[in-house]
Structure formats: structure tokens, C-alpha cells
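Written below as C-alpha cells is the structure these notes are about.
The values are calculated or read from the model by the stated rules, or taken from the named source; none is laboratory data. None of the values given here were measured: they were computed from a predicted structure. When we count neighbours, we look across all protein chains shown, and the Cβ atoms used for this are built from the backbone with ideal geometry, even at glycine.
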Amino acid sequence: MKSYTNNEKSFKIIKEHLNILYLEDEKAIREKLKEALELIVSNVYDCENTEEANLILKNKRIDIIISDINLKDESALDFIKNIRKAYATIPIILLSAYTEKNYLLEATKLKLVDYLVKPIDFKILNKAIEDAAQELIDYGNYIVDFENNTSYNILQKKLLSKDTNKELTITAKEIELLEYLISNSNRVLSHDEIKNKLWIDAYEITDSALKNLINKLRKKIGKESIKNISGVGFKIELY
């Protein structure tokens with residue numbers, strides 16, 4: 001989905017809707033950095049130990065993990081090694097007051113987005129989160145919101161109503177259409193482009209069949225989420 005990742009508006013939306021798990025056992029440091037993180041992303045779930053962190057991971061959608069390397073109950077390196085068994089691709093950023101080679105060598109084995117040395121510079125932190133967001137995009141693990149308060153999780157292939165917190169039914173063909181529109185959110189797609197993408201025998205598919213599919217999808221993500229550009233085609237609007 002290269003065209004989607006290159007769309008600045010879309011990237012900004014992804015970044016703003018991230019959920020971060022932040023693990024730090026020093027309360028004063030945790031509260032200060034949490035304030036900084038909340039200027040960048042949607043939600044920050046902070047905790048002081050790995051037991052709380054595992055509980056959050058179990059019950060919340062977490063996009064990125066940020067952890068101090070030195071924790072009272074467990075080494076963050078050991079914690080992340082265990083995390084990698086269940087969450088192989090989740091972006092992780094480590095924080096440390098240390099720059100010793102043995103920490104760095106061990107950390108590089110954990111497929112980290114970054115290893116930041118305290119005190120943390122806001123611009124460097126922001127850049128690390130942007131890099132983590134790009135990893136999510138590369139893995140297809142991100143959520144897109146629509147004007148009627150629904151959201152779509154690309155990785156899980158789920159459409160959710162944020163009003164009721166329930167999953168909405170969506171067909172395989174509707175998913176295919178939705179993801180093609182999202183991946184090309186920076187331009188208008190012609191009728192022929194969409195038909196050629198969605199159907200093997202595109203020439204046998206009428207414009208009315210395509211419009212019927214689009215109308216079904218509109219009922220689920222909002223009428224204004226898919227714009228009909230007269231004489232040209234369709235374009236999705238992301239919020």
C-alpha cells in the first residue's frame with residue numbers, strides 16, 4: 001500500500017490514532033513523559049511493572065510499546081523477549097540512561113524501532129514514534145476512521161462501530177473494495193480501475209453492479225466517506 005503510506009494526511013491520521021503502552025517504574029518520569037506522548041498520539045496506557053503491562057496488552061489494542069530498560073520486577077529485555085513470542089511485529093522503543101555496549105548489543109536482537117538515551121528529547125521521541133507508525137503501515141497493522149464513527153482494522157479485517165463498540169458485518173468483496181480505496185486515498189479511482197481490481201472478468205461487470213457494492217459499503221462507513229466524482233470515479237474520505 002505504498003500510495004497510502006505516502007499520503008501525509010493519512011499518515012497523520014494513523015499517528016494520531018495510535019495506542020501506546022508505556023512502561024516506567026519511576027512515577028515522576030512516567031507522568032512527565034506520558035504528557036509528552038499525549039501530545040503526539042491518541043491514547044497512552046502507562047504502568048509501572050510488567051504484570052500491569054501484560055494485563056493491558058491482554059485487554060487493550062496496543063500499537064506501540066515504549067519501555068524503560070531497567071525495571072524493578074523484571075529486566076525490560078526479558079519482558080520484550082517474552083512479548084516477541086506473542087507479538088512478533090509490534091514496534092518497540094527502549095529507553096535507558098545507559099549507553100554501554102552490552103545493553104546495545106542485546107537490544108539489537110529484539111528488533112527495536114529505536115533505543116533512546118535519557119533524558120529524552122521530544123523531537124527524537126516524535127521521530128521514533130513516526131518510525132514505529134511507518135512499521136505498522138508496512139505490516140498493514142493500522143486503523144482507519146470514517147465520518148459515521150466507524151473504524152476499520154486492516155490487519156484484523158474488522159469493521160467496528162465506536163458508538164456501540166460492536167463489530168459490523170462486512171463481506172469479503174466489501175473488504176476488498178474498502179482496502180483498495182484506502183490504499184489509494186490520495187486520488188480518485190475510475191470505475192474501470194476498481195472493476196479490474198475487484199473482478200477477474202471485469203468486462204462482464206456493469207457500472208450498476210459496482211455502484212450497488214459501493215452503496216452497500218456506504219451504508220456501513222457513512223455516505224460521505226465515499227465521494228462520487230461525476231464522470232471520473234470514486235474517492236474515499238478519511239477522518
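Among the residues of region 124-182, which ones are out of contact with any helix residue (DSSP H, G or I) (no Cβ under 9 Å at 6 or more places or on another chain) and among the basic types (Lys, Arg)?
Answer for region 124-182, where residues must be out of contact with any helix residue (DSSP H, G or I) (no Cβ under 9 Å at 6 or more places or on another chain) and among the basic types (Lys, Arg): Lys127, Lys158, Lys162, Lys166.
Of (1) part of a helix (DSSP H, G or I); (2) more than 16 Å from Asn70 (Cα to Cα); (3) touching a strand residue (DSSP E or B) at 6+ places or on another chain (Cβ under 6 Å); (4) modelled with pLDDT under 85, Ala107 satisfies all except one. Which?
The single condition Ala107 does not satisfy is (2).
What's the number of the only condition in (1) polar (S, T, N, Q); (2) touching a strand residue (DSSP E or B) at 6+ places or on another chain (Cβ under 8 Å); (3) surrounded by fewer than 19 Cβ atoms within 10 Å (Cβ to Cβ) that Asn165 fails to meet?
(2)
Of the residues that sit in region 40-99 and are under 18 Å from the mean Cα position of the chain (by Cα), small (Gly, Ala, Ser) and closer than 25 Å to Ile124 by Cα, which one is modelled with the lowest pLDDT?
Ser42
Considering only residues that are assigned to a strand (DSSP E or B) and among the aliphatic types (A, V, I, L, M), look in region 135-159 and name the one that is modelled with the highest pLDDT.
Leu159
Could you grab the pairs with beta carbons closer than 8 Å, sequence gap of 6+ or different chains, first residue in region 118-134 and surrounded by 16 or more Cβ atoms within 10 Å (Cβ to Cβ) and at pLDDT below 90, second one of a type in the set (A, V, I, L, M) and part of a helix (DSSP H, G or I)?
Taking only residues 6 or more apart or on different chains, the pairs are Ala133/Ile14.
Taking the options Ile182, Ile200, Ile194, Ile175, name whichever one is farther than 23 Å from Ile137 by Cα, of a type in the set (Val, Ile, Thr) and either in a helix (DSSP H, G or I) or modelled with pLDDT under 95 (or both).
Being farther than 23 Å from Ile137 by Cα, of a type in the set (Val, Ile, Thr) and either in a helix (DSSP H, G or I) or modelled with pLDDT under 95 (or both) holds for just one of Ile182, Ile200, Ile194, Ile175, which is Ile200.
Six or more apart or on different chains, Cβ under 9 Å: which pairs go from a residue in region 219-235 that's of a type in the set (Asp, Glu) to one that's at pLDDT 95 or above? Could you list them?
Glu224/Arg218
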